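Below is one structure. I have some questions about it.
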Amino acid sequence: MQLFSIVFLVALLAHLVVQAWLARRQIMSVAQHRNAVPDGFAAVVSAEEHAKAADYTVARQKVGIVEFIFDAAVLVWLTLGGGIARIGEIAAGLGGGHIIAGTAHVLGVFAVLALLGLPLSIYRTFVLEQRFGFNRTSPRVFMVDQIKGWALGLLLGGAVTACVLWIMTSAGPNWWIVAWLAWMFFTLLMTWAWPRVFAPLFNRFTPLEDQALRSRIDALLERCGFHAKSVFVMDGSKRSSHGNAYFTGLGREKRIVFFDTLLTSLTPPQVESVLAHELAHFRLRHVPQRLVVGALVSLAGFALLGWLSLRPWFYSGLGVPVASAAAALLLFMLATPVFTWLITPLFAAWSRRHEFEADAFAAQYSDA
Ligand SMILES: [Zn+2]
């Protein structure tokens with residue numbers, strides 16, 4: 001067995017062990033505090049609700065462990081087991097130029113991944129979420145979502161893949177800089193297009209009609225010196241009873257979106273506090289910071305891909321005998337997380353700091 005294959009397997013096994021260990025710690029900690037509502041929450045959370053939240057967390061962690069193991073097995077099969085190589089042969093047999101064959105190769109591997117992930121996705125929605133009373137998705141909605149998701153993946157994923165493969169094979173030795181610029185353009189385009197074009201394919205968005213809540217929100221926006229063009233309500237209840245709120249868009253085009261489930265489960269002052277937290281991420285410039293760091297990380301990623309794509313051991317060590325741009329792209333996307341998980345605690349710590357800052361901001365501008 002080649003050295004890089006061994007390095008890859010050791011890193012994968014280490015990741016698996018650490019993930020399972022962390023999940024087990026989390027399960028034990030949650031179970032230990034299952035029967036005691038934390039100080040400060042006793043007035044708003046009942047013992048029964050608290051215990052249910054603990055059981056839900058434990059159940060989700062357990063499914064998570066099954067998923068880690070399953071995903072690792074699939075990854076070994078795709079790489080060392082020859083799955084990527086085999087799908088590449090099938091894609092090449094379809095005819096067409098190398099860009100078309102390469103795009104079919106990448107889409108083919110992701111189609112296999114999506115198919116293999118389907119049973120767990122069905123289990124999560126119709127067994128796990130159902131058992132805790134959160135699921136509102138009907139089999140029909142689930143199927144329509146899958147079809148729409150697959151069609152979008154084929155369309156957007158296919159277009160981006162074809163574009164990157166074309167740049168890889170025709171933009172010279174510094175293609176990775178060109179590919180990164182194209183990727184940045186695509187990311188910005190999606191930031192604009194997602195709320196306008198794609199999100200409405202899955203959900204209905206209606207302007208917030210509740211005038212009392214609207215003026216409460218306007219007052220909060222004014223206090224924080226914030227401008228948002230519009231406030232929408234999304235029919236999240238179509239799929240689940242979990243509530244959420246988010247901002248989309250950039251600059252003056254920002255819009256606020258509330259899940260209808262959030263508006264029915266929280267009182268107006270609570271909704272205001274949730275919004276104040278989300279607002280803080282903009283006011284404290286977390287959003288642009290994340291954009292810049294995301295851009296730098298993807299630049300580093302493309303540089304690494306550019307370097308790896310020229311190393312024969314990168315292909316042969318991961319079960320692909322013939323080097324190609326599509327194989328480089330696939331191996332990079334699937335194999336790098338096996339190594340980069342080592343730096344995820346850094347990003348987690350950074351994200352935690354942002355969340356605490358946003359909470360402090362929300363407590364200052366709204367009801368703590
Ligand atoms: Zn947050």
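Output the number of residues of the range 240-263 satisfying the condition of being without any contact (Cβ under 8 Å) to a residue 24 or more places away in the chain, within 16 Å of the ligand (Cβ to nearest atom) and among the small types (Gly, Ala, Ser).
Residues flagged as without any contact (Cβ under 8 Å) to a residue 24 or more places away in the chain, within 16 Å of the ligand (Cβ to nearest atom) and among the small types (Gly, Ala, Ser) within the range 240-263 amount to 1.
Results for (1) in contact with a Leu (Cβ under 9 Å, 6 or more places away or on another chain); (2) open to solvent by 20 Å² or more (accessible area, probe 1.4 Å); (3) more than 16 Å from the ligand (Cβ to nearest atom); (4) among the hydrophobic types (A, V, I, L, M, F, W, C), shown as yes or no for each residue.
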position	(1), (2), (3), (4)
Ser265	no, yes, yes, no
Pro268	yes, yes, yes, no
Leu275	yes, no, no, yes
Glu278	no, yes, no, no
Phe282	no, yes, no, yes
Val297	no, yes, yes, yes
Leu304	no, yes, yes, yes
Trp307	no, yes, yes, yes
Trp313	yes, yes, yes, yes
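Here is a further query. Condition first: open to solvent by 50 Å² or more (accessible area, probe 1.4 Å) and within 16 Å of the ligand (Cβ to nearest atom). Can you find one or more residues in the range 222-238 that meet it? Let's see the steps before the verdict.
Restricting attention to the range 222-238, the residues satisfying the condition of being open to solvent by 50 Å² or more (accessible area, probe 1.4 Å) are 222-223, 227, 229, 238.
Filter once more, so that each one left must be within 16 Å of the ligand (Cβ to nearest atom): none.
Within the range 222-238 (the criterion being open to solvent by 50 Å² or more (accessible area, probe 1.4 Å) and within 16 Å of the ligand (Cβ to nearest atom)), the answer is no, since none of the residues qualifies.
Sort out which residues of the range 343-368 are among the polar types (S, T, N, Q) and either in contact with a Leu (Cβ under 8 Å, 6 or more places away or on another chain) or more than 13 Å from the ligand (Cβ to nearest atom) (or both), and write them in order of number.
Thr344, Gln364, Ser366
Another one. What do you reckon, is Ala23 free of Cβ contacts under 8 Å to residues at least 60 places away in the same chain, over 21 Å from the mean Cα position of the chain (by Cα) and either farther than 19 Å from Leu334 by Cα or surrounded by fewer than 15 Cβ atoms within 10 Å (Cβ to Cβ) (or both)?
In short, no.
Has the range 330-342 got at least one residue that is more than 16 Å from the ligand (Cβ to nearest atom), out of contact with any His (no Cβ under 7 Å at 6 or more places or on another chain), over 30 Å from Arg86 (Cα atoms) and open to solvent by 30 Å² or more (accessible area, probe 1.4 Å)?
Checked the range 330-342: at least one residue is more than 16 Å from the ligand (Cβ to nearest atom), out of contact with any His (no Cβ under 7 Å at 6 or more places or on another chain), over 30 Å from Arg86 (Cα atoms) and open to solvent by 30 Å² or more (accessible area, probe 1.4 Å).
Would you mind finding the one in Ala54, Ala73 that is assigned to a helix (DSSP H, G or I), open to solvent by less than 70 Å² (accessible area, probe 1.4 Å) and closer than 30 Å to Phe332 by Cβ?
Of the residues listed, the single one that is assigned to a helix (DSSP H, G or I), open to solvent by less than 70 Å² (accessible area, probe 1.4 Å) and closer than 30 Å to Phe332 by Cβ is Ala73.
Could you list all residues from the range 217-228 that are assigned to a helix (DSSP H, G or I) and either in contact with a Lys or Arg (Cβ under 6 Å, 6 or more places away or on another chain) or farther than 13 Å from Leu263 by Cα (or both)?
Hits for the range 217-228 are Asp218, Ala219, Leu220, Leu221, Glu222, Arg223.
The values are calculated or read from the model by the stated rules, or taken from the named source; none is laboratory data. Only a predicted model underlies this, so the values are computations on that prediction, with no experimental measurement involved. Reconstructed Cβ throughout: ideal geometry from the backbone, glycine too, with neighbour counts over all protein chains shown. Remember, those area values only see protein heavy atoms, side chains included, never the ligands or the DNA or RNA. Shrake-Rupley method; radii C 1.70, N 1.55, O 1.52, S 1.80 Å.
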